[in-house]
Amino acid sequence: MTAQTGAGRTNQKQRTRMAIVAAARELIGTGAEVAMPAIARAALVSEATAYRYFPDLPSLIAEALAGVWPPPAEALAPVADSADPVERVAFACEFLLRGVLARQGSVRAMIAATITRPEAVPMRPGIRFGLIEHALLPLEETLGVTDPDAFTRLKRDLAVVVSAEALFTLTDLCGLGPDEAVSSAVRTASTLTAAAVRSAR
């Protein structure tokens, strides 16, 4: 094999990989169900080929989502000047859940995969944690100093509410529409934060 032939094959593999990732990203953007067969069809490759590049759906979704979500400071830029943690948490919660709704097919696929395969959990983006940390910056010098255990509990409590799992519980099991579900989660996150703020005074 010549060096040129080897380079050509390497380039072809790279193009195939990029096509699979691009197809996954496009499908994710529709909010529809995300599955390997559909991605392979969109990328014009066989399902077997797709699996040669990505051993499972979570690894492909993780790569396709890389860079899609903005960093926390950018996401919370509209409330950057607010020192009110309740307002900031409410914004962060709505931002996350609206993003989940827009990409819910991929989020559901990732949750399903990590429930059946706990070892795949590290592939989940964990967007909520950065958003919660950033939203609670005004409390770092108050509650974070006077009662660090309570501050940690608040972050943990918010991680339950500011989450795709909470959103899907409200839509799938409680029968709420998307907007109602987001409002419910935002209200709960705000209530938790307001209670913590009162305790810090």
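Here Val145 and Val121 are evaluated by their C-beta separation; at R0 = 25 Å the FRET efficiency comes out at 0.20. About its Cα centre, the dipole of the chain is roughly 820 debye, where the only charges are +1 on Lys and Arg Cβ and -1 on Asp and Glu Cβ.
Roughly speaking, to the nearest percent, how much of region 1-116's 1.4 Å accessible area is carbon and sulfur? Roughly 58 percent of what the probe reaches on region 1-116 is carbon or sulfur. Count neighbours as other Cβ atoms within 10 Å of each site's Cβ, and list the GluC sites (Glu not before Pro) in region 116-170 that are DSSP loop with at most 10 such neighbours. Here the sparse-neighbourhood loop sites are Glu141.
If the chain linking Glu74 and Gln12 were pulled fully straight, counting 0.36 nm for each residue of separation and taking away their Cα-Cα distance, it would gain 18.8 nm. Look at where the Cα atoms of region 8-36 and of region 67-139 average out, and the two centres are 24 Å apart. Among the chymotrypsin sites (Phe, Trp or Tyr not before Pro) in region 30-106, none sits in a DSSP loop with a Cβ that has at most 15 other Cβ atoms within 10 Å.
The overall shape of region 106-201 is oblate: from the C-alpha gyration tensor, with semi-axes ordered a ≥ b ≥ c, the ratio a/c is 1.5 or greater and a/b is no larger than b/c.
In plain terms, the chain from Leu137 to Asp81 could stretch by 19.0 nm, reckoned as 0.36 nm per residue minus the Cα-Cα distance.
The values are calculated or read from the model by the stated rules, or taken from the named source; none is laboratory data. As the structure is a computational prediction, the values presented were derived from the model and not from experiment. Backbone-built Cβ (ideal geometry, glycine too); neighbour counts: all protein chains shown. Note: areas computed on protein heavy atoms with side chains; ligands, DNA, RNA excluded. Shrake-Rupley method; radii C 1.70, N 1.55, O 1.52, S 1.80 Å.
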